[in-house]
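The values are calculated or read from the model by the stated rules, or taken from the named source; none is laboratory data. Note that this is a predicted model, so its numbers are computed, not measured. Glycine also receives a Cβ, built like all others from the backbone with ideal geometry; neighbour counts cover every protein chain displayed. Side chains included, ligands, DNA and RNA excluded: accessible areas come from the protein's heavy atoms. Shrake-Rupley method; radii C 1.70, N 1.55, O 1.52, S 1.80 Å.
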Amino acid sequence: MKLDYQNIISKVYTDIIAKENFGKVPSYIPELACIDDNKFGINFTDLKHNSFGIGDFEEKFSIQSISKVFALSFVYEKLDEKLWKRVDVEPSGSAFNSLVQLEADCGIPRNPFINAGALVICDILLEICNNPKQELIQFIRDLTGDQQIFFNEKVAASELQNSFRNAAMCNFMKSFGNIKSQPDAVIELYCHLCSIEMTCKQLSMSFLYLANLGKTPSNDLQILSSSKAKRLNAILLTCGFYDESGEFSFRVGLPGKSGVGGGIVAIYPQHYCITVWSPKLNEKGNSYRGMKFLEEFTTQTGESIF
């Protein structure tokens with residue numbers, strides 16, 4: 001039986017928005033603290049070019065750590081398996097900005113999605129790109145088929161002014177030889193990476209290559225090999241939600257990635273991508289309503305990778 005996704009999404013959205021909206025926006029990034037915390041948007045896009053949204057799905061927001069998936073894809077395609085000598089693929093079990101494991105692991109971050117791992121990815125971008133910011137934003141625009149995607153310089157500056165812990169991690173990893181560039185340059189690139197603004201609709205479009213064996217469905221551009229796409233989806237499943245990744249897998253059952261801007265992207269391989277945005281975060285730093293919506297969505301559809 002063919003599922004009526006639009007009807008299911010509309011019903012779940014209506015149910016969720018009528019209930020409590022717990023959590024809070026992150027105060028440690030002042031620019032994010034100004035956002036209307038009642039914003040709520042969803043967009044669904046499948047591999048057959050069906051796309052529809054509800055709520056604030058066409059409003060841009062700071063995607064924050066979701067952008068780490070793009071940076072990882074860019075670097076993985078260039079470095080192949082050599083990448084994993086500098087960053088691991090294990091769940092961290094600690095907060096996304098924890099320094100504790102770096103000493104025990106001799107400066108090798110547990111995975112590419114915690115802050116330390118993304119800092120290493122940014123360091124690699126500085127090594128392999130002539131203009132990493134421009135090349136990365138163009139990579140994302142090409143994935144989306146939309147040239148209207150930009151860094152938010154105010155958010156980047158706000159992050160840079162409050163990046164003391166990231167600076168500590170970056171310098172600590174440099175002491176182990178796992179950061180090659182100057183830490184200031186790495187942190188500046190990292191803050192810009194997190195400042196990228198996109199809509200739910202743009203995000204759903206941009207992640208379709210991970211639902212389509214590494215290939216963009218609109219023009220058959222091979223972004224990653226099918227094997228690499230499979231591996232990246234595996235890391236999303238086990239590490240995409242910091243130390244709540246197991247909970248997300250348990251409740252939702254799809255690979256995905258969250259950001260402290262309140263966005264969540266979830267992928268059903270070989271079928272579709274769905275994006276949710278709601279700024280209030282739970283204690284683990286993931287969107288409260290976003291988690292609730294996706295749990296109920298996969299319950300209603302009966303679709304997950306398990």
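What are the principal axis extents of the Cα atoms in the range 1-146, in Å, biggest first?
Largest to smallest, the principal-axis extents are 48, 35, 35 Å.
I need the trypsin sites (Lys or Arg not before Pro) found in the range 38-92, filtered to DSSP loop residues with at most 14 other beta carbons within 10 Å of theirs.
Qualifying residues, ordered by number: LYS48.
Tell me, what is the per residue accessible area of the range 42-88 in Å², probe radius 1.4 Å?
Averaged over the residues of the range 42-88, the accessible area is 40 Å².
Ignoring everything but the protein chains, give the 1.4 Å probe accessible area of ASP105 in square angstrom, nearest 10.
Spelled out: ASP105, probe radius 1.4 Å, area about 40 Å².
Sequence gap at least 6, Cα distance under 8 Å: using those rules, report the relative contact order of the chain to the nearest whole percent.
It rounds to 27 percent for the chain.
Could you state the accessible area per residue of the range 221-264 in Å², with a 1.4 Å probe and every protein chain left in place?
That works out to 31 Å² per residue.
With θ set to phi - 60°, apply the Karplus curve 6.51 cos²θ - 1.76 cosθ + 1.60 along the range 32-41 and write out the HN-Hα couplings as whole Hz, x wherever there is a Gly or Pro.
Along the range 32-41, the couplings run 6, 5, 7, 6, 5, 7, 9, 4, 7, x Hz.
Mind checking the log10 I(q)/I(0) for the range 90-228 at q = 0.09, 0.18, 0.22 Å⁻¹? Debye, one equal scatterer per Cα, no solvent, two decimals.
Values, matching the q order: -0.31, -1.11, -1.31.
Report the residue, chosen from LEU221, LEU294, LEU232, that carries the largest GNM mean-square fluctuation when the chain is represented by alpha-carbon nodes joined by springs under 10 Å.
Between LEU221, LEU294, LEU232, it is LEU221 that shows the largest mean-square fluctuation.
What GluC sites (Glu not before Pro) does the range 1-81 have in DSSP loop regions with at most 16 other beta carbons within 10 Å?
GLU20, GLU58, GLU59
Hey, any idea what the orientation-averaged projected area of the convex hull of the range 164-306's Cα atoms comes to, in nm²?
That works out to 9.8 nm², a quarter of the Cα hull's surface.
Per-residue ellipticity at 222 nm for the chain, helices alone: DSSP H runs ≥ 4 residues times -39500 (n - 2.57), over residue total, nearest 500 deg cm²/dmol?
Value at 222 nm, helices only, nearest 500: -13500 deg cm²/dmol.
With a 1.4 Å probe and all protein chains left in place, how much of the accessible area of the chain comes from carbon and sulfur atoms, in whole percent?
Roughly 50 percent, rounded to a whole number.
Less than 15 Å from a label point 7 Å out along the Cα-to-Cβ axis of GLU153: which backbone N atoms in the range 177-192 qualify, by residue?
Counting only backbone N, you get 192.
In the range 154-264, what is the count of Lys pairs whose alpha carbons are under 18 Å apart, counting only pairs at least 8 residues apart or on separate chains?
Close lysine pairs found across the range 154-264: 5.
Filter the GluC sites (Glu not before Pro) in the range 207-306 to those in DSSP coil with at most 13 other Cβ atoms within 10 Å of their Cβ, and list the result.
Here the GluC sites (Glu not before Pro) that fit, given the DSSP loop and packing criteria, are GLU283.
Using R₀ = 22 Å, calculate the FRET efficiency as 1/(1 + (r/R₀)^6) where r is the Cβ-Cβ separation of LYS11 and ASP36; round to 0.05.
After rounding to 0.05, the efficiency reads 0.35.
List the extent of the Cα atoms of the chain along each of their three principal axes, largest first, rounded to whole Å.
56, 40, 35
Quick one: 3J(HN,Hα) in Hz for the range 271-286, Karplus 6.51/-1.76/1.60 with θ = phi - 60°, rounded, Gly and Pro as x.
So the J values, rounded to whole Hz, are 9, 7, 10, 10, 10, 10, 10, 8, x, 6, 9, 7, 5, 8, x, 10.
Please list, in order, the residues from the range 248-272 whose amide nitrogen is less than 20 Å from a point placed 7 Å along the Cα→Cβ vector of SER304.
248-259, 264-272
What residue among SER226, SER27, SER287 shows peak mean-square fluctuation when the chain is described by a Gaussian network model with Cα springs under 10 Å?
Comparing SER226, SER27, SER287 in a Gaussian network model of the chain, the most mobile one is SER27.
From largest accessible area down, sort MET291, MET198; use a 1.4 Å probe on the protein chains.
Largest accessible area first, the list is MET291, MET198.
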